[in-house]
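Inspection log for the structure reproduced underneath, given as structure tokens.
The values are calculated or read from the model by the stated rules, or taken from the named source; none is laboratory data. In this text the structure is predicted, and so the values were computed from the model without any measurement. Accessible surface is based on the protein model in full, side chains and every heavy atom, while ligands, DNA and RNA are left aside. Shrake-Rupley method; radii C 1.70, N 1.55, O 1.52, S 1.80 Å.
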Amino acid sequence: MFSLDVVDTDLFLDLPISSQALYFHLGMRADDDGFVSSPKRVTAMIGANQDDLKLLAAKGFVITLESGIVVIRHWKQNNYIQKDRYKGTVYNQELACLSVENGIYKVCVSNMDTSCIQNGDIGKDREVKDREVKVSESAFCAESDKPPSAPPVISLPLNDKTFHDISQYDLDCWKELYPAVDVLQELRKMKGWLDSNPTRRKTRRGIRRFINSWLAREQDKHHRMGAPDKNGLEEFLSE
């Protein structure tokens, strides 16, 4: 469940639609204590990107832990689970890093080992009254604007005549998500198809959904018998 006290605020509604959608998808996949074990997979699956996940953390809607797990900060405001149905989280080390105040998870930074919290999620000012870890919005924006340290692996043309760069990090994530697929070769095929079909190129917002849908289809081919469904392929490419 989701509380309007959280998702009907200007702070939440000012987020990009992709970040809002990611929040709802993370909430649907959280355990009974609000922990999500595979946020990167969820992010890639819905066509969002890592900036959406970082923005949710920067705005205080999730807490990112060193193990890669995230926890929904307002989980206990969003949900009430009856004791006879409640199944406690298996992430006890991460849970030990947190306290609950007014139904909101907060990171404890005193009398505990903070190694389970990502460095980027620990604010410089540890003297705040509620001892809560805070991430400044300016720090997030600076990270977003920082040029990549390495050239893109490949760039895909968009409908506005710009390009969407694919980083080595993106490539590695997709290789993990789609182990049966030669991801780099499929990206080359996508580039060739987009070059040959300029009127059917994707928007900057829609390109990652296009990529994930293409790769998911290739992954599925390895688990099916018979010839590919050409009509289904044409329907997918026309989206």
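Report yes if some residue within region 190-197 is at pLDDT below 90 and in a loop (DSSP other than H, G, I, E, B); otherwise report no.
Within region 190-197, the subset at pLDDT below 90 is none.
No, every residue in region 190-197 fails to be at pLDDT below 90 and in a loop (DSSP other than H, G, I, E, B).
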**Prompt:** Of the residues A180, A216, A227, which single one is open to solvent by 30 Å² or more (accessible area, probe 1.4 Å), hydrophobic (A, V, I, L, M, F, W, C), at pLDDT below 95 and assigned to a helix (DSSP H, G or I)?
**Reply:** A216
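Quick one: which of D10, D14, D31 is open to solvent by 10 Å² or more (accessible area, probe 1.4 Å) and under 19 Å from A96 (Cα atoms)? Step through it out loud before you land on a result.
Numbers: D10 fails: under 19 Å from A96 (Cα atoms); D14 fails: under 19 Å from A96 (Cα atoms).
Matching residue, one of D10, D14, D31: D31.
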**region 150-177, subset open to solvent by 70 Å² or more (accessible area, probe 1.4 Å) and more than 21 Å from the chain's Cα centre (by Cα), residue modelled with the lowest pLDDT** = P151
